[in-house]
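Asks: Right, I'll just put the structure down here and ask away after.
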Amino acid sequence: MFSINKDDYIEMKVAITKEDYNNLKELEAVCTKEDINLKLELEYKLSQVSHEAEAQALTEKDFRSSCMKEYIYYSQGRPVSYLGICNFGGNVYELNGMTHPDFRNKGIFRRLYEHAFTECRLANKKSLLLLTDGNSPSGNSFIKSVGGVLSFSEYRMELLAGEYAARNNDLDNGLSQVVLVEAQPGDISLLHECDKLLFGDEENEEEAEYISSIDNSYLIKKEDITIGKIKIDFSENAGFIYGFGVLPDYRGLGYGKAAIGEALKEIFSRGLEKAALDVAAANDRALYIYTGNGFREVSVMRYYEVKVM
């Protein structure tokens with residue numbers, strides 16, 4: 001950490017602690033009052049470190065292997081701006097962040113970005129992706145100022161518990177019937193094969209490194225045959241669906257819609273307020289499945305590419 005102004009400083013770290021998480025969630029609550037979506041992945045990042053001491057002991061070498069880094073700007077002891085680097089596989093770093101409305105237009109977020117940009121260059125990345133809600137004037141303005149070029153857009157979609165109950169959509173019928181089976185450690189290789197077929201994941205991870213893939217994972221089964229996979233993250237009030245796909249040989253038969261229906265049963269049987277997911281705006285097949293289950297668009301996340309090298 002180092003001083004910027006009196007009583008202000010930037011803290012750079014490889015992982016967030018529980019205290020960081022709580023502080024950043026408070027800042028996020030202030031920023032999202034502007035009716036924008038922030039894709040910060042804080043829950044995911046916190047889940048990657050099991051103990052506080054472990055988070056504080058992580059080094060620059062760990063960053064090179066985990067492809068994550070956190071930048072937090074503190075003013076009078078509280079975080080007022082945040083930028084995080086994240087990588088979910090492949091060769092792309094995603095950058096997303098936020099600044100308290102009272103601290104914008106002061107160059108604070110740009111300072112964080114300059115440090116993050118340098119990290120991406122040191123990691124030999126040719127480009128990176130900056131994320132912002134399509135309705136965020138400050139986010140879109142900043143990305144334009146650093147030369148971001150629109151790469152693709154992603155819809156955030158939601159289904160409220162009341163809407164789900166009103167639909168009374170029973171998908172347990174005929175050919176479309178599938179079940180979700182929670183993944184076990186012995187399913188790691190199967191999940192990895194599904195990822196290769198669904199998402200082009202060609203990395204050769206050791207099983208010990210890949211074991212996190214069973215977290216929140218379900219196998220989609222038709223009778224005893226695995227026909228796809230899906231993940232559901234459960235928070236206090238919502239279930240978030242991601243990592244979903246039906247294997248190529250089983251598409252076009254209604255199994256995707258049925259699988260989402262089963263996921264919704266799992267979410268709302270827990271008494272949660274809503275289900276949510278993100279989907280690429282150009283993915284017509286997925287949009288058809290989600291809207292067919294009652295999901296509606298609530299915001300648009302735009303991904304802008306910035307050249308590094």
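The values are calculated or read from the model by the stated rules, or taken from the named source; none is laboratory data. Just so you know, these numbers come straight off a predicted model, no measurement behind them. Neighbour counts are summed over all protein chains in view; Cβ atoms, including those assigned to glycine, are modelled from backbone coordinates with ideal geometry.
Asks: Within segment 193-211, how many residues turn out to be surrounded by 15 or more Cβ atoms within 10 Å (Cβ to Cβ), within 19 Å of the chain's Cα centre (by Cα) and either among the polar types (S, T, N, Q) or modelled with pLDDT of 75 or more (or both)?
Replies: 2
The rows are residues; the columns are (1) touching a helix residue (DSSP H, G or I) at 6+ places or on another chain (Cβ under 6 Å); (2) in a helix (DSSP H, G or I); (3) of a type in the set (A, V, I, L, M, F, W, C).
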| residue | (1), (2), (3) |
| --- | --- |
| ASN124 | no, no, no |
| ASN135 | no, no, no |
| GLY139 | no, yes, no |
| GLU158 | no, no, no |
| LEU180 | yes, no, yes |
| ILE188 | yes, yes, yes |
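Asks: For SER151, are the conditions met, namely being modelled with pLDDT of 90 or more, surrounded by fewer than 17 Cβ atoms within 10 Å (Cβ to Cβ) and more than 30 Å from THR291 (Cα to Cα)?
Replies: no
Asks: Which of the residues belonging to segment 247-305 are more than 18 Å from the chain's Cα centre (by Cα) and either on the phi > 0 side of the Ramachandran plot or in a strand (DSSP E or B) (or both)?
Replies: Across segment 247-305, the qualifying residues are GLY252, GLY254, GLY271, GLY294, ARG296.
Asks: Are any residues in segment 26-38 part of a loop (DSSP other than H, G, I, E, B) and surrounded by fewer than 13 Cβ atoms within 10 Å (Cβ to Cβ), and if so, which ones?
Replies: Kept after step one, since they are part of a loop (DSSP other than H, G, I, E, B), are these residues of segment 26-38: 35-38.
The one that is part of a loop (DSSP other than H, G, I, E, B) and surrounded by fewer than 13 Cβ atoms within 10 Å (Cβ to Cβ): ASP35.
Asks: Continuing with this model, one more query. Considering every residue within segment 226-240, establish whether at least one is under 30 Å from TYR113 (Cβ atoms), modelled with pLDDT under 90 and not assigned by TED's automatic domain parsing to the domain that holds HIS115.
Replies: Checked segment 226-240: at least one residue is under 30 Å from TYR113 (Cβ atoms), modelled with pLDDT under 90 and not assigned by TED's automatic domain parsing to the domain that holds HIS115.
Asks: Here's a follow-up. Between a residue in segment 286-297 that is small (Gly, Ala, Ser) and any residue that is surrounded by fewer than 18 Cβ atoms within 10 Å (Cβ to Cβ), which pairs come within a Cβ distance under 6 Å, given they are 6 or more apart or on different chains?
Replies: GLY294/GLU163; GLY294/ARG167
Asks: I've got another one for you. List the pairs whose first member sits in segment 272-284 and is closer than 18 Å to LYS231 by Cα, whose second member is modelled with pLDDT of 90 or more and of a type in the set (Lys, Arg), and whose Cβ atoms are under 9 Å apart, counting only residues at least 6 apart or on separate chains?
Replies: If the second residue must be modelled with pLDDT of 90 or more and of a type in the set (Lys, Arg), the pairs left are ALA276/ARG156; LEU277/ARG156; ASP278/ARG156; VAL279/ARG156.
Asks: Right, something else. Residue by residue through segment 251-282, note down the ones that are farther than 13 Å from ILE232 by Cβ and either surrounded by fewer than 18 Cβ atoms within 10 Å (Cβ to Cβ) or in contact with a Lys or Arg (Cβ under 6 Å, 6 or more places away or on another chain) (or both).
Replies: Matches in segment 251-282: ARG251, GLY252, LEU253, GLY271, GLU273, ASP278, ALA280, ALA281, ALA282.
Asks: Pick from segment 39-66 the residues that are more than 15 Å from ILE16 (Cβ to Cβ) and in a loop (DSSP other than H, G, I, E, B): which of them is modelled with the highest pLDDT?
Replies: Initially, segment 39-66 is screened for residues more than 15 Å from ILE16 (Cβ to Cβ), giving 39, 59-61, 64-65.
If we keep only those that are in a loop (DSSP other than H, G, I, E, B) too, we end up with 39, 59.
On the way: LYS39: 85, THR59: 51.
Applying the filter and picking the extreme gives LYS39.
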